[in-house]
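One structure below.
The values are calculated or read from the model by the stated rules, or taken from the named source; none is laboratory data. Nothing here was measured: the structure is a model prediction, and the numbers come from that model. Cβ: placed from backbone, ideal geometry, glycine included. Neighbour counts: every protein chain shown. Side chains included, ligands, DNA and RNA excluded: accessible areas come from the protein's heavy atoms. Shrake-Rupley method; radii C 1.70, N 1.55, O 1.52, S 1.80 Å.
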Amino acid sequence: MTEPLQSGTSDTVDLAIDSLGAQGDGIGRYEGAQVFVPYTLPGDRVRVRLQVKGNNAFTGRLIDVLAPAANRVVPPCPVFTQCGGCAMQHMALADYGAWKKAQVAATLATRGLALPAETHFVGTAPGGRRRAVFAAHKDKDQVVLGFHAAMSHEIVPLDDCLLLTPALRASLPHLRSLAAVALHNKQKADIQVTETLTGLDVLVQSADNLAEARRQSLISVAREADFARVSWAHGKAQPEPIVMARVPQMRFADITVDLPIGAFLQPSVEGEAALVAAVLAGVGKAKRIADLYGGCGTFSFPMARKARILSVDSAKPAVAALIAAVNRAQLSGRVEGLARDLDQSPLPPGDLKPFDAVVFDPPRAGAEMQTRMLAKSIVKRVVAVSCNPASFARDARLLLDAGFEFKELTLLDQFLWSAHAELVAVFTRK
């Protein structure tokens with residue numbers, strides 16, 4: 001029998017993988033302990049280098065696949081297993097979709113919830129990601145730009161990415177040039193890029209401000225790349241627009257909205273369309289709807305075609321952008337915007353009384369305080385949009401305990417080849 005590993009040591013062993021973990025890691029066993037091995041599948045026999053993880057478990061670095069599982073496929077990306085952006089390119093798509101659905105079901109089960117009979121899975125295709133955040137680091141006058149390796153601060157350089165839209169893929173050399181002139185040696189930055197109707201909107205976020213001596217060089221690169229806008233944010237300071245060739249704009253339904261710097265946007269057109277369709281179906285024939293955590297109007301404007309909308313969000317620039325779009329489109333009386341922190345000051349039951357339906361789309365932490373108010377209200381229909389099945393399950397449990405029924409669920413795979421899932425759920429009072 002092999003001697004057990006001591007903390008901090010490693011060894012090479014052959015393992016059979018028999019299951020998948022929540023993040024997509026294959027799980028095998030060594031000396032009775034679990035071994036979590038990224039980029040493996042149930043049915044694989046693999047050679048791994050073990051590292052003690054603690055709590056009677058190990059991590060394993062994949063060295064070789066000795067015998068592949070039947071559903072293992074050739075990953076399409078040349079830097080798969082190096083870049084931390086994707087975890088599941090090695091799994092056949094049909095099985096990948098079933099696994100993702102099973103993971104959501106397992107998460108809901110922790111709160112005593114079952115998938116409703118009407119559960120739909122919607123996939124998205126590669127090449128549609130219109131928003132991405134790249135990591136950049138300059139050292140010895142050389143810039144590395146890409147995504148972080150899994151569980152690491154190391155940046156994997158990217159010349160291309162199958163997930164991105166053609167415009168974002170084409171922007172990579174320009175972003176590298178922008179980082180080269182804007183950053184000083186040893187400086188790191190995150191560069192958020194969003195494809196809009198009027199061009200690419202770029203936000204550089206760094207611990208340091210943009211040096212005045214580098215400003216003109218950044219402007220020159222931005223103009224050569226024809227970026228719509230380039231902004232800079234450091235620390236907790238408000239972002240500063242450095243270049244504004246055109247106002248970045250998006251269209252929700254038929255309403256054009258000027259995007260604030262760093263505004264939230266669904267990462268793909270295809271994914272946004274699926275979410276909007278599920279929300280519209282979920283609110284049914286409601287004539288008065290509260291759109292909570294409404295942002296710039298992703299759901300508000302499509303719903304405004306058939307209902308009166310109150311859109312509430314804590315981000316004042318987003319609410320201001322929505323109100324400006326409402327005024328331009330002469331929708332006053334159809335859409336109202338309200339800036340309010342729903343986590344600290346949720347709408348109480350009395351304020352919710354006029355609404356036939358409520359839609360909420362919170363950040364990953366969920367909407368616990370607001371859901372507690374909904375549970376006490378007389379609202380008959382709630383449509384919950386979530387990017388985190390765990391916080392969704394907690395909030396859904398509150399609604400069910402208050403007498404709601406879990407009627408319908410749409411699972412959206414907007415972050416292809418990852419463990420991430422987005423949900424649209426419909427709840428109605430019994």
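Here are the numbers for this structure:
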| item | result |
| --- | --- |
| Residue-normalised accessible area of the range 332-430, given per residue in Å² at a 1.4 Å probe | 39 Å² |
| Karplus-derived HN-Hα couplings along the range 154-160 (A = 6.51, B = -1.76, C = 1.60, θ = phi - 60°), whole Hz, x at Gly and Pro | 5, 9, 8, x, 10, 9, 6 |
| Reference-scaled alpha-carbon Rg (2.2 N^0.38 Å with N residues) for the range 122-216 | 1.11 |
| Most to least accessible of Glu154, Glu195 (protein chains only, probe 1.4 Å) | Glu154, Glu195 |
| Net charge over other residues, Cβ less than 14 angstrom from the Cβ of Arg364 (K, R count +1; D, E count -1) | -4 |
| Proximal charge balance of Asp159 [Cβ under 13 Å; K/R count +1, D/E count -1] | +1 |
| Distance from the range 327-343 to the range 354-403 (C-alpha centre basis), Å | 21 Å |
| Three semi-axes of the equivalent ellipsoid, the range 272-360, Cα gyration tensor, whole Å, largest first | 17, 17, 13 |
| When the convex hull of its Cα atoms is projected in every direction, mean area for the range 11-169 (nm²) | 12.4 nm² |
| Accessible area of Lys316 in the full protein assembly, 1.4 Å probe (Å², nearest 10) | 150 Å² |
| Whole-Hz couplings from phi, Karplus 6.51/-1.76/1.60, listed for the range 419-426; x for Gly and Pro | 8, 6, 9, 10, 10, 10, 10, 10 |
| Accessible surface of the range 278-321, 1.4 Å probe, proportion on carbon and sulfur as whole % | 58 percent |
| Residues with amide H under 5 Å from that of Thr124, placed H, sequence gap 5 or more | Asp413 |
| Rounded to whole Hz, the Karplus (6.51, -1.76, 1.60) HN-Hα couplings of the range 284-300, x for glycine and proline | x, 9, 4, 10, 9, 10, 9, 9, 8, 6, x, x, 8, x, 3, 9, 4 |
| Scattering profile of the range 185-303 at q = 0.15 Å⁻¹ [log10 I(q)/I(0), Debye over alpha-carbon scatterers] | -0.75 |
| Dipole moment magnitude, nearest 20 debye, the range 174-306 about Cα centre, only Lys, Arg, Asp, Glu C-beta charged | 300 debye |
| Spin-label model distance (nm) - Ser332 vs Gln216, 7 Å beyond Cα toward Cβ | 4.6 nm |
| Over the range 372-422: Rg over Rh, Cα atoms, Kirkwood Rh | 1.03 |
| More than 27 angstrom apart: percent of Cα pairs within the range 222-379 | 26 percent |
| For the chain, size of Cβ-based charge dipole, Lys and Arg +1, Asp and Glu -1, in debye | 1220 debye |
| Dimensions in Å of the range 301-421 - Rg and Dmax from alpha carbons | 15.3, 43 |
| Share of carbon and sulfur in the accessible heavy-atom surface of the range 75-169 [1.4 Å probe, %] | 57 percent |
| q = 0.08, 0.12, 0.13 Å⁻¹: log10 I(q)/I(0) that the Debye formula gives for the chain, counting C-alpha atoms only | -0.53, -1.11, -1.23 |
| Cut-off under 5 Å, modelled amide H: who pairs with Gly294 long-range | Val312, Asp313 |
| Full-stretch length increase - Ala245, Ala117 - with 0.36 nm per residue and alpha-carbon distance subtracted | 41.1 nm |
